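Enquirer: The structure's right below; bear with me while I get my questions together.
The values are calculated or read from the model by the stated rules, or taken from the named source; none is laboratory data. Keep in mind it's a predicted model, so treat the numbers as computed, not measured. Cβ placement follows ideal geometry from the backbone for every residue including glycine, while neighbour counts extend to all protein chains displayed.
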Amino acid sequence: MRHTRFLACTVFCCAGALGCSEDNKSPEQDSSSADSRSADSRSDSALIQDSRSEDGASGGDVALPDLGQPDIDLGDDFGLLVASGVQACSHGTINTSDLSKTMEGKGRITFKPGFYRLFKDKAQFTLDMVKLLELGPQRTKGVPTGAGQVVRTINSSAYTYTFTQLFDVGGTPVELKVPVTYQVQTGTPLDKIQTLDEASLSKREINASVAVKGSTAVSIYFGPCSYSLYGCTIHEFELSGNDQLKMEVCSYCPTTWICKANYAGLPRARFESGSTVRDLTDHFNLSQSFRHHNWGSDSLIIFDTPVQKIHGIYIGTEVYPNFTQYKQASYLDASFKEIETRQVIKHTSGGSW
């Protein structure tokens, strides 16, 4: 099933862009050796190496963080290591008064793996590191309308490089933004290489967002597409009419944060009605969000192929103080409207898939 409406705002609690400043004063004096470097001593291209071998096949070691950082002399510059296969996803905050809004906020960014040089002495330069942008319930692909740009901002404690690129998504202009910050102390970088991977996206050390332009400007925030750092629990439901629902609920709050509500997601779900089974693992079919203070949660599961007249299922916990209890599930039509409710006869959690 595909819903034709496009995008709406989905804003995670505690989500925020990495710090940056308009102060262009350097936290350190550039050394004379840096000033004397020839322009020919390095490429104007920010891409140093990618993860493809000479024949174009994947498998180079420079874009895989578990194989160690690349042995490349950056001089005074900084490096961004984009891990092989890394994607960022927007999971959609569930609006129980209008479930269609959830799907409008879904999105996925696929990055180009490689090791990128971020120039210390350039205030702006181009960078090509986005392979694919998909937004909305129909996974509408973004068409680039300009080259990726990096703008450097400096303050006394950090260099921030903000990558932006403009796309057209089904006739709607959007701006993708990824800021990366390098902390410095007494003029010395604490770490010259940052890694864009599942861990940095999960911990919100690197944030990605999409701003939707037009008459109603909204922002969509992205985290990881997978959940290896999250705590996950299997929930199983026996529903009236002998239907069965099973889903894996995952949530996470970075250890240094106080989250108003944990980040959350559904890696997979399974629905059985008679002899009909739907196994779902696609990001665009599954949504999960926790409520304020984690006092309850909401889950939305969408079928590509309906089960008779059922196009999806919404199930949520009761309100506080009974926020761990489930009483009923709502079966949805193609417009995400409730067409039937089923009582929860039995609910168990903590088992295996």
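Enquirer: Collect the residues in the range 267-284 that are part of a strand (DSSP E or B) and of a type outside the set (Asp, Glu), keeping them in residue-number order.
Expert: To start, the set of residues in the range 267-284 that are part of a strand (DSSP E or B) comprises 267-273, 276-280.
Once the filter is applied, which keeps residues that are part of a strand (DSSP E or B) and of a type outside the set (Asp, Glu), the range 267-284 yields 267, 268, 269, 270, 271, 273, 276, 277, 278, 280.
Enquirer: Please specify each residue of the range 181-215 satisfying the condition of being buried (at least 16 other Cβ atoms within 10 Å of the Cβ), aliphatic (A, V, I, L, M) and under 23 Å from residue 128 (Cβ atoms).
Expert: Those that are buried (at least 16 other Cβ atoms within 10 Å of the Cβ), aliphatic (A, V, I, L, M) and under 23 Å from residue 128 (Cβ atoms): 193, 196, 201, 206, 208, 210, 212.
Enquirer: Exactly one of (1) at pLDDT 95 or above; (2) touching a helix residue (DSSP H, G or I) at 6+ places or on another chain (Cβ under 6 Å) is unmet by residue 223. Its number?
Expert: Condition not satisfied by residue 223: (1).
Enquirer: Still on this structure, please answer the following. Among the residues of the range 286-298 satisfying the criterion of being of a type outside the set (Gly, Ala, Ser) and more than 15 Å from the chain's Cα centre (by Cα), which is surrounded by the fewest Cβ atoms within 10 Å (Cβ to Cβ)? It would help to see each step written out before you state the result.
Expert: Going through the range 286-298, the residues of a type outside the set (Gly, Ala, Ser) turn out to be 286, 288, 290-295, 298.
Remaining after also requiring more than 15 Å from the chain's Cα centre (by Cα): 290-295, 298.
On the way: 290: 25, 291: 21, 292: 10, 293: 13, 294: 15, 295: 16, 298: 20.
Out of the qualifying residues, it is 292.
Enquirer: OK, next. Select, from 178, 143, 150, the only residue that is assigned by TED's automatic domain parsing to the domain that holds residue 112, surrounded by fewer than 18 Cβ atoms within 10 Å (Cβ to Cβ) and at pLDDT 95 or above. Before you say what the answer is, go through the steps one by one.
Expert: Details: 178 fails: surrounded by fewer than 18 Cβ atoms within 10 Å (Cβ to Cβ); 150 fails: surrounded by fewer than 18 Cβ atoms within 10 Å (Cβ to Cβ).
Unique residue meeting the criteria: 143.
Enquirer: Just the residues that are without any contact (Cβ under 8 Å) to a residue 40 or more places away in the chain, of a type outside the set (S, T, N, Q) and out of contact with any strand residue (DSSP E or B) (no Cβ under 6 Å at 6 or more places or on another chain), please, taken from the range 91-138.
Expert: Answer for the range 91-138, where residues must be without any contact (Cβ under 8 Å) to a residue 40 or more places away in the chain, of a type outside the set (S, T, N, Q) and out of contact with any strand residue (DSSP E or B) (no Cβ under 6 Å at 6 or more places or on another chain): just 122.
Enquirer: Further, regarding this structure: If you scan the range 119-140, which residues turn out to be surrounded by 13 or more Cβ atoms within 10 Å (Cβ to Cβ) and among the small types (Gly, Ala, Ser)?
Expert: Across the range 119-140, the qualifying residue is only 136.
Enquirer: Still on this structure: For the range 177-232, which positions are more than 19 Å from the chain's Cα centre (by Cα) and in a strand (DSSP E or B)?
Expert: 182, 183, 184, 185, 188, 189, 193
Enquirer: So is residue 316 within 28 Å of residue 259 (Cα to Cα) and under 27 Å from the mean Cα position of the chain (by Cα) or not?
Expert: Values: within 28 Å of residue 259 (Cα to Cα): yes; under 27 Å from the mean Cα position of the chain (by Cα): yes.
Yes; evaluated as a whole, the condition is true for this residue.
Enquirer: I need the strands (runs of 3 or more DSSP E) fully contained in the range 285-353, keeping only those with at least 1 residues that are out of contact with any strand residue (DSSP E or B) (no Cβ under 8 Å at 6 or more places or on another chain).
Expert: On the way: elements: 286-290, 297-307, 310-317, 326-332, 338-349.
Here the list reads 297-307.
Enquirer: Looking at residue 264, is it more than 17 Å from the chain's Cα centre (by Cα), assigned to a strand (DSSP E or B) and of a type in the set (A, V, I, L, M)? First the steps, then the outcome.
Expert: Numbers: more than 17 Å from the chain's Cα centre (by Cα): no; assigned to a strand (DSSP E or B): yes; of a type in the set (A, V, I, L, M): yes.
No; evaluated as a whole, the condition is false for this residue.
Enquirer: Could you tell me whether the range 124-140 includes any residue that is touching a Gly at 6+ places or on another chain (Cβ under 9 Å), of a type in the set (Gly, Ala, Ser) and closer than 27 Å to residue 286 by Cβ?
Expert: Yes, some residue in the range 124-140 is touching a Gly at 6+ places or on another chain (Cβ under 9 Å), of a type in the set (Gly, Ala, Ser) and closer than 27 Å to residue 286 by Cβ.
Enquirer: Okay, moving on. Could you list all residues from the range 223-262 that are hydrophobic (A, V, I, L, M, F, W, C) and closer than 16 Å to residue 324 by Cα? Write out each step before concluding.
Expert: Within the range 223-262, the subset hydrophobic (A, V, I, L, M, F, W, C) is 225, 229, 232, 234, 237, 239, 245, 247, 249-250, 253, 257-259, 261.
Within the range 223-262, 232, 234, 237, 247, 249, 250, 261 meet the criteria.
Enquirer: Could you give me the residue pairs with C-beta distances under 7 Å whose first residue belongs to the range 176-194 and is without any contact (Cβ under 8 Å) to a residue 12 or more places away in the chain, whose second residue is assigned to a strand (DSSP E or B) and buried (at least 16 other Cβ atoms within 10 Å of the Cβ) wherever it lies, and which are 6+ apart or on separate chains?
Expert: Note: pairs meeting the criteria are 190/184; 191/182.
Enquirer: Then there is this: Since residue 172 meets every condition but one in (1) out of contact with any strand residue (DSSP E or B) (no Cβ under 7 Å at 6 or more places or on another chain); (2) at pLDDT below 95, which condition does it not meet?
Expert: Going through (1) out of contact with any strand residue (DSSP E or B) (no Cβ under 7 Å at 6 or more places or on another chain); (2) at pLDDT below 95 one by one, residue 172 breaks only (1).
Enquirer: Shifting gears a bit: Looking at 212, 277 in this structure, which one is closer than 28 Å to residue 81 by Cα, in contact with a strand residue (DSSP E or B) (Cβ under 9 Å, 6 or more places away or on another chain) and not hydroxyl-bearing (Ser, Thr, Tyr)? Write out each step before concluding.
Expert: Numbers: 277 fails: closer than 28 Å to residue 81 by Cα.
Answer to the check: 212.
Enquirer: Here's another thing I want to ask about it. Does residue 167 count as buried (at least 19 other Cβ atoms within 10 Å of the Cβ), over 20 Å from residue 211 (Cβ atoms), in contact (Cβ under 8 Å) with a residue 12 or more places away in the chain and over 16 Å from the mean Cα position of the chain (by Cα)?
Expert: Values: buried (at least 19 other Cβ atoms within 10 Å of the Cβ): yes; over 20 Å from residue 211 (Cβ atoms): no; in contact (Cβ under 8 Å) with a residue 12 or more places away in the chain: yes; over 16 Å from the mean Cα position of the chain (by Cα): yes.
No; evaluated as a whole, the condition is false for this residue.
Enquirer: When you look at residue 92, is it part of a loop (DSSP other than H, G, I, E, B), assigned by TED's automatic domain parsing to the domain that holds residue 196, more than 19 Å from residue 162 (Cβ to Cβ) and at pLDDT 65 or above, yes or no? If you could, list the steps in order and put the result at the bottom.
Expert: Numbers: part of a loop (DSSP other than H, G, I, E, B): yes; assigned by TED's automatic domain parsing to the domain that holds residue 196: yes; more than 19 Å from residue 162 (Cβ to Cβ): yes; at pLDDT 65 or above: yes.
Yes.
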